[in-house]
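The numbers here are math on the coordinates, done by the rules we state, and not lab data. Keep in mind it's a predicted model, so treat the numbers as computed, not measured. Virtual Cβ from ideal backbone geometry, glycine too; neighbours counted across all protein chains shown.
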Amino acid sequence: MTAGGQTMVTQAGLEKLLDFLGASSGDSVTSYRRLRRRLVKVLEIRVLEYRLRVAPEDLADEAIYRVAGKLEHGLEIRAKDPFKYFYGVARRVLQEATRKEQKTGISLDESAREVPAPTPEPSDVRRFGCLDECLGRLSADDRELILQFYRADRGKSRILHRRELAARLGMTVNALRIRAHRLRQKRLGPCVLECLARAETDSPGRHEMDRRDRAL
């Protein structure tokens, strides 16, 4: 573990992970990126729902790193859909993050104490449509800040990018992080959830179900 509590992945663990992901597809890098995107999508909904301050990308990376460590020490994943195993680990990581924020006195929904099984994911078209709509409601400055803050991948490149962004805006990195998280949690996140709920209510399939319910 690092000083900040994040699992360290070794070169051997990373190689085992890539070997595992590439065994069926033949392209380990593409499989890794696809897996990470799927985890981030699911965790993003939970983070917004539970009003956590942690980034879903960090939770996804932690889950992946933990599995890499287990693979390094002989773990054999035999699930037909390996994503389910990774998601199970991600659920535990999410629970740990929830408990940690509860201990610091952050107000969370009671439902956050029990992490449910995955719910059907909104389509990418609907998700990105809602994100675009909600970004359009922000001021130009806030929209640019949020896009730039979450632009870079994790790791050293992201750290350097955020330092440069903070310097350009004349604030500390910590102040930048707080402002970005507040924008995400208080404005962008609720807006996206409302939009997704509205899209679900307005979907043709939902109207058909409503008509069937009324007929019964």
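Using the Cβ-Cβ distance between residue 171 and residue 83 with R0 set to 35 Å, the FRET efficiency from 1/(1 + (r/R0)^6) comes to roughly 0.35.
Here the 3J(HN,Hα) profile of the range 126-135, calculated from phi with Karplus coefficients 6.51, -1.76 and 1.60 at θ = phi - 60°, is 5, 4, 5, x, 5, 4, 4, 4, 6, 4 Hz, Gly and Pro shown as x.
Applying 1/(1 + (r/R0)^6) with r as the Cβ-Cβ distance of residue 186 and residue 151 and R0 = 25 angstrom yields a FRET efficiency of 0.75.
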